[in-house]
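The values are calculated or read from the model by the stated rules, or taken from the named source; none is laboratory data. Note that the coordinates shown come from a computational prediction; the quantities given were computed from them, not determined experimentally. So basically every Cβ, Gly included, is an ideal-geometry build from the backbone, and we count neighbours across all protein chains shown. The protein model used for the area step is the full one, side chains on, heavy atoms only, and it has no ligands, DNA or RNA in it. Shrake-Rupley method; radii C 1.70, N 1.55, O 1.52, S 1.80 Å.
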Amino acid sequence: MPLPSPPSPIILSVRHLKVHFRPRGIWPRRRGSIQAIEDLHLDLRAGETLGIVGESGCGKSTLARTLIGLQAPTSGSIRYGGQELATLPRKEWRPLRRELQMVFQDPLGSLDPRMSIGQIVAEPLRELCPEIPASEHPKQVAAMLRRVGLSPDIVDRHPGEFSGGQAQRIGIARALIVRPKVLICDEAVSALDVSVRAQIVNLLAELRQEYGLTLIFIAHDLAIVRYLCDRVLVMYLGRVMEQAAAEDLFSIPRHPYTRALMAAAPAGAEAQPPGPENSKKKRKALAGDMPSAEHPPMGCVFHTRCPLMESTCVASVPGLRRVGPEHYAACHFVAAPEQFR
Ligand SMILES: Nc1ncnc2c1ncn2[C@@H]1O[C@H](COP(=O)(O)OP(=O)(O)OP(=O)(O)O)[C@@H](O)[C@H]1O
Ligand code: SF4
Ligand SMILES: [Mg+2]
């Protein structure tokens, strides 16, 4: 019988990450801070695709931007390949930018309209790969455009001449031309029509395989996350609510927020097995709005919307507890089987 393959090594490890912002506006002067990310832990394994889901404003983009050095953390640790990134001076980020690339949500808005497509795709080569002579760039740009399904003849055209799907292919080419190890896709397909969305998701799945990429895939669409991701992290108000292998999360969601998110999703993404937590009280779909990150609720931040809320939930913050192999949930009432306590 073949032995089970060992889990791949952790290449990115985040501990106790906090990212706070000053409230916007200078008058009247506001005190306090916006807690975009709060005490977040995350491990990313080489070659895996980690999905990050959660409602708008839960901190997904802030997390992505912090991981690639576009946003400084308030505190906490981000270790990548043995290096601490949280305190890394700006100028020392350059070699890492080559390894950690990002594809953005707004395909057209993320491409400079004054630059030609050739210049846009070659820009990371110019900035991050000094050892590659400029004479090589056109050849590499043409090959990368072809690989993402575009004609190399478009190099002299400008972003405004392209559809959202084509622009996102250009964004992917720009990110991959420096052969990154980790690609973060922040809602990279959310703005696209459904049919184009499927094409881009399939392209990402092919490229992941071909380039041996480790992928962080941020999305609202749970059906796509279920299709593409190995593991999923569910965020709410900057905190991790649940984290598990995609298969486990979608078949046995343990956290009341995950359940509500799935119940609120269109058919195809939801999973509603009868669990002990369900029998306790009737499960409800996600109601109301997420509270402000400037004034998060005491105790469990989900308590203002949770159908299972009890006084303990207001009094104390539930820690992430292990509820199965590689399955974690932050809820006082999610039962952890004996062997995982
Ligand atoms: N530069 C900033 N200054 C102040 N507050 C910010 C800033 N960037 C983000 N925030 C706040 O931080 C919180 C998290 O925002 P973020 O954009 O990371 O959420 P998100 O999960 O990516 O949302 P969406 O799904 O809408 O993209 C929100 O409350 C947002 O208003
Ligand atoms: S700790 Fe309480 S409020 Fe929070 S998710 Fe669990 S039951 Fe709901
Ligand atoms: Mg976002």
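Using only Cα atoms and rounding to the nearest 10 degrees, what angle (0 to 90) does helix 194-211 make with the longest principal axis of the chain? So the helix axis and the longest Cα principal axis differ by about 80 degrees. For L213, the solvent-accessible surface computed with a 1.4 Å probe is close to 0 Å², ligands and nucleic acids excluded. Remark on the range 83-122: ratio of C-alpha radius of gyration to 2.2 N^0.38 Å is 1.52. If you take all other residues with their beta carbon under 11 Å from the beta carbon of D186, and give Lys and Arg +1 and Asp and Glu -1, the sum is 0. Sort the range 126-194 into rounded, prolate or oblate with this rule: let a ≥ b ≥ c be the square roots of the eigenvalues of the Cα gyration tensor; rounded if a/c is under 1.5, and if a/c is not under 1.5, prolate when a/b is larger than b/c, oblate otherwise. Verdict is oblate for the range 126-194.
For the chain, the 222 nm mean residue ellipticity estimated from helices alone, with every DSSP H stretch of n ≥ 4 adding -39500 (n - 2.57) and the total spread over all residues, rounds to -8500 deg cm²/dmol. Quick note on the range 148-238: its Rg to Rh ratio, both from C-alpha atoms and Rh being the Kirkwood radius, is 0.97.
Between the Cα long axis of helix 137-147 and the first principal axis of the chain there is an angle of about 50°, rounded to the nearest 10.
Annotation: amide H-H contacts under 5 Å for Q71 (H modelled 1.01 Å from N, sequence separation of 5 or more, or interchain): T66. For the chain, the longest principal axis of the alpha carbon atoms and the long axis of helix 164-176 meet at an angle near 80°. Per residue, the range 129-234 exposes an accessible area of 42 Å² to a 1.4 Å probe, with every protein chain left in place. Ordered from highest to lowest accessible area with the whole protein assembly present and a 1.4 Å probe, H255, H20 read as H20, H255.
When the residues Y80, Y227 are ordered by accessible surface, computed with a 1.4 Å probe over the protein chains alone, the sequence from largest down reads Y227, Y80.
Once the chain from H295 to R94 is taken as fully extended at 0.36 nm per residue, the excess over their C-alpha distance is 68.8 nm.
Taken over the range 72-197, the ratio of Cα radius of gyration to 2.2 N^0.38 Å equals 1.13.
Of the three principal axes defined by the Cα atoms of the range 15-100, the extents in descending order read 47, 31, 20 Å. Put simply, the convex hull of the Cα atoms in the chain casts, on average, a shadow of 20.9 nm².
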